[in-house]
Amino acid sequence: MERVERGHLSTARSEEEKEEAGEREGFMEPIIEFKNFSFKYRSQKEPTIRDINLSIYPGEKVLIVGPSGSGKSTLAHCINGLVPFSYKGEITGTYSVAGRNPEKLGIFGLSKLVGTVLQDTDGQFIGLTVAEDIAFALENDMIPQKEMFERVARVSETVEVQSVLGNAPGALSGGQKQRVSMAGVMIDQVDILLFDEPLANLDPATGKRAIELIDQIHREEKTTVVIIEHRLEDALTCGADRIVVVGEGRIVADMTPDELLSGGILQKEGIREPLYVTALKYAGCRITADSFPSDIRKMKETGRLENYKGQVGEWFRQTVIPERKWDEEVILEVKDLDFAYTPGRPVLKDVSFRIHKGEMLSIVGKNGAGKSTLSNLICGFLMPDRGSISLHGEDLLTRSIKERGESIGLVMQNPNQMISKTMIFEEVALGLQVRGVEPEEIEKRVHETLKICGLYPFRNWPISALSYGQKKRVTIASILVMNPDVIILDEPTAGQDYRHYTEIMEFLKEINKNSGITIVMITHDMHLMLEYTDRALVIAEGQLLADEKPSEVLTDDVLTQKAYLKRTSLYDLAVGCGIEKPSDFVDCFIYYERENGREKEAE
């Protein structure tokens, strides 16, 4: 695969930044360096990463992107020492961290140089309280208690968790867990911070704050930052110096963000572009690095957007959206629903809505808003304090969990909470076996579902050998194979790259269209909400704030702020191009994407 070398620094950066970067590259030794580096896991025949040549300099902020299985996580594991100390294998070539050989430093020695914030933050906690967890490294180093208290107080204030120091880590929200994990690695004053999918389990506003916090730490502490992330558009706000694209185990691009977005490498590697960049391309605009495509706000502020105004406006006017008709049959109704885990502290208050047969609908809102609680009430895992839930007009409150499970399937957010078998085929087949389906029919349906979910090659694998994202697909397959009337998916695409995201969502859209199965998705992914659902229920502080088209939700500043959502970048593009009603422009983009976008990408 041809490698695209890192080009000149983008003109989007100041002269001061250019001089600083030039100084790093010309006069400073790399803090991370790989030379002709390859790594092959012990159980594999071929290297997962090969011929890696990469230099990262002190104080740089580098974003690493690539599809699942590309090798980017293995590259990160080499930096933090999981390779070769936890994951054994064969190394060829050379690499160094802070000028030293990682193989000689050992995993403990590397932990003093590299702090890693994992995607699954629950797997990183050790202490019984937040304060204990943050202080863990200091206790190991036998730091005096007075200094320990001072350092914990200082770092907890930096990441804004000083108010929850006495809480148990497991009781925190997703955003709080992320910040506690950051504090736990910052406390040791490491030279390098490595973030593995920092946005995967966060609501959009909390994810934005996490990126801002990473940027703040980078500026104030002068720490070298390496970020691995699927959500490129959201991660771009961190102001990365470079983006490294990994594909099929090799580095295929190492460029500034503006240079990368002005080319076609992302599409070729199956990585999602920012929506506004895709919209500009749909309108036939020619995008160049000096138009600042990595920052829609800068495009507007510098007047570069004026160059595209005419083409975007013409494309918008020529795209005609046909009127959609809905099935009038109400399949699921929630009325006057109240629920509280603790008396006097309601989680849901007076929630009412109807879902029609065959709809694809999203439920959105901040972490802890009550979205997952609502799904648990519908499935019968919890019983409401007040109100009713009906399916096909029949009261569900009188039905058992098993009876509800005949018609309603739930795919939980954490795959580890659903998996009960050791092998993939057995897990997906379990529900059919319990219901007495014939073995031949089970094998046929399981294989069909595994193919759609991209798991067929692994059908005889143990689940323990899968990544977090692959486990997620196993749980989706275990519900899809049952053909229920309603499927509720809690964060169906979390941890998935664009290719697998598209495969899963296109499959869900197909069964929705062909089988009339109603699909409800609880999600933090605003792209998913816009592209694949026709209605969005917005929940905040336990109340239903809105029941609107996704385009209306994500162009409403007041609503997005209340619900911890993030206004779509298509809004900024529409306003910058003089379009009066941004929500109509968003609808235009989504329609064009559905009807033409996939075919163009395939070409």
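Some notes on this structure:
- Of LYS61/LYS146; LYS88/LYS222; LYS208/LYS298; LYS281/LYS472; LYS88/LYS177; LYS177/LYS472, pairs whose Cα-Cα distance is over 23 Å: LYS61/LYS146; LYS88/LYS222; LYS281/LYS472; LYS88/LYS177
- Close Lys-Lys pairs in segment 334-420, where close means Cα under 20 Å and separation is 8 or more or interchain: 5
- Probe 1.4 Å, protein heavy atoms only - accessible area per residue of the chain in square angstrom: 44 Å²
- The lysine pair count for segment 493-603, using Cα distances under 25 Å and pairs eight or more places apart or on different chains, is 10.
- Computed [θ] at 222 nm, helices only, for the chain once each DSSP H run of length n ≥ 4 contributes -39500 (n - 2.57): -11500 deg cm²/dmol
- In the chain, the DSSP beta bridges split such that about 55 percent are antiparallel, to the nearest 5.
- Shape of segment 453-506 from the C-alpha gyration tensor: oblate (a/c of 1.5 or more and a/b not above b/c, with a ≥ b ≥ c the square roots of its eigenvalues).
- Under the combined filter of DSSP loop state and at most 13 neighbouring Cβ atoms within 10 Å, segment 344-425 retains these GluC sites (Glu not before Pro): GLU406.
- With the alpha-carbon atoms of the chain aligned to their principal axes, the span from lowest to highest coordinate is 73, 60, 52 Å, starting with the largest.
- Candidates per trypsin sites (Lys or Arg not before Pro) in segment 294-370, loop by DSSP, up to 10 other Cβ within 10 Å: ARG324, LYS325
- Taken along the Cα-to-beta-carbon direction at a fixed 7 Å, the label points for ALA340 and LYS222 span 5.3 nm.
- Shown are HIS447, HIS500, whose ranking by accessible area with a 1.4 Å probe and every protein chain present, most to least, is HIS447, HIS500.
- With every protein chain in place, segment 113-201: carbon and sulfur % of accessible area (1.4 Å): 51 percent
- At most 11 other Cβ within 10 Å, DSSP loop - trypsin sites (Lys or Arg not before Pro), segment 218-270: LYS222
- Shown for segment 514-566: the carbon plus sulfur share of the solvent-accessible area, taken with all protein chains present and a 1.4 angstrom probe, equals 43%.
The values are calculated or read from the model by the stated rules, or taken from the named source; none is laboratory data. What you are looking at is a predicted structure, and each value in this text was computed from that prediction instead of being measured. Here the Cβ is made from the backbone with ideal geometry for all residues, glycine too, and neighbour counts use every protein chain on show. Just so you know, the surface numbers come from the protein's heavy atoms only, side chains and all, with ligands and any DNA or RNA stripped out. Shrake-Rupley method; radii C 1.70, N 1.55, O 1.52, S 1.80 Å.
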